[in-house]
Amino acid sequence: AAMQLLSVFCFQWYLPPLDLHSSPTRPSSDLEDLENTAVKDIGEALGAHPDFPQGVNVGYMQIVDRSRLKLRVYERGVGETRACGTGACAAVVAGCLQGQLDDTVEVQLRGGQLSVNWRQQDSHVLMTGPVTTVYEGSVQL
């Protein structure tokens, strides 16, 4: 099955509620390929938009099929991250709300894969995946 075009969505990390602003998937020559999307440029532009005075996290979701998607996330104040559990959960809920995804989805991020299940009956989102140490450090106070 051919991949669908990219969908860009914005989300806030604090709850409740999950403030999810989702744009409909639309044809656009510069958003057809997740690997070549200007994640930083678009993320910075949306983060500076007056609708988001505290900034915003921006997710870039490419649906592979109803049970798999690829995701990149630009986090406010940080930049692009290799993994984002909140973004993965928001992407699955956004895709489900648009009728494009099943309730359980494998989410491929640059840092690895997560499984996300949205239980629509009680609005719970369950995420599972590996845990890996990516950095250790210390600070002297």
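When you scan the range 38-50, do you find a residue that is in contact with a Lys or Arg (Cβ under 9 Å, 6 or more places away or on another chain), at pLDDT below 85 and loosely packed, with under 15 Cβ neighbours inside 10 Å, even just one?
So far as the range 38-50 goes, no, none of its residues is in contact with a Lys or Arg (Cβ under 9 Å, 6 or more places away or on another chain), at pLDDT below 85 and loosely packed, with under 15 Cβ neighbours inside 10 Å.
List every residue pair whose Cβ atoms lie under 7 Å apart, where the two residues are 6 or more positions apart in sequence or sit on different chains, the first residue falls within the range 44-65 and is in a helix (DSSP H, G or I), and the second residue, located anywhere, is of a type outside the set (A, V, I, L, M, F, W, C).
Qualifying pairs under 7 Å: Gly47/Gly55; Gly47/Arg76.
How do the strands (runs of 3 or more DSSP E) wholly within the range 68-110 filter down when requiring 3 or more residues that are open to solvent by 60 Å² or more (accessible area, probe 1.4 Å) and either modelled with pLDDT of 90 or more or among the hydrophobic types (A, V, I, L, M, F, W, C) (or both): which remain?
In the range 68-110, the matching strands (runs of 3 or more DSSP E) lie at 104-109.
In the set Gly95, Gly77, Gly87, Gly112, which member is closer than 28 Å to His49 by Cα and out of contact with any strand residue (DSSP E or B) (no Cβ under 7 Å at 6 or more places or on another chain)?
Just one listed residue meets the conditions, Gly77.
The values are calculated or read from the model by the stated rules, or taken from the named source; none is laboratory data. Computed from a prediction, not measured in an experiment: that's the story for all the values here. Using ideal geometry, Cβ is built from the backbone for each residue, glycine included, and neighbour counts are taken over all protein chains shown. What goes into the accessible areas is simple: the full protein's heavy atoms, side chains included, and nothing from ligands, DNA or RNA. Shrake-Rupley method; radii C 1.70, N 1.55, O 1.52, S 1.80 Å.
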